[in-house]
Amino acid sequence: MLPEQFSSLEPFAGVWAFPTELQRSQQRWVATAEEYREFYEAMLPLLDEVLVYLDQYQPGATPESVLPLYHLALAFAEAAPHNELYDCSNTVPNSFDAHRFVAAHGENLDR
């Protein structure tokens, strides 16, 4: 599913690498603290390499075979604050319930 050099991230692709913002949001809402922590710790050391790899493609022209890695990078960007700021909580303390926010383009495929 992922390019060979990122095969260590393969276990996370099926859990986090969804093609729409809404699907990734739904995963964040149900993820456990341990799932946040494991994803973060696996992804962070490879993040620079992932971004350099993805940077070779023009926006909107990422090959189908690379899209799972791209979606994993998006998921990391969206999930990292939960790890870094909210102690791996799937909610944001002292905030509105995330389900109240409606992403205007949340069902569009991220390419």
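The values are calculated or read from the model by the stated rules, or taken from the named source; none is laboratory data. Worth saying up front: this structure is predicted, and the values here are computed from it rather than measured. Note: ideal-geometry Cβ built from the backbone for every residue, glycine included; neighbour counts use all protein chains shown. Ligands, DNA and RNA are excluded from the accessible area calculation, which covers all protein heavy atoms including side chains. Shrake-Rupley method; radii C 1.70, N 1.55, O 1.52, S 1.80 Å.
Of the residues making up the stretch 15-33, one or more are surrounded by 14 or more Cβ atoms within 10 Å (Cβ to Cβ), in contact with a strand residue (DSSP E or B) (Cβ under 8 Å, 6 or more places away or on another chain) and in contact (Cβ under 8 Å) with a residue 12 or more places away in the chain.
The number of residues in the stretch 11-23 that are under 11 Å from the mean Cα position of the chain (by Cα) and at pLDDT below 90 comes to 1. Answer yes if at least one residue in the stretch 39-56 is assigned to a loop (DSSP other than H, G, I, E, B), open to solvent by 60 Å² or more (accessible area, probe 1.4 Å), modelled with pLDDT of 95 or more and not acidic (Asp, Glu), and no otherwise. Looking for residues that are assigned to a loop (DSSP other than H, G, I, E, B), open to solvent by 60 Å² or more (accessible area, probe 1.4 Å), modelled with pLDDT of 95 or more and not acidic (Asp, Glu), one finds at least one in the stretch 39-56, hence yes.
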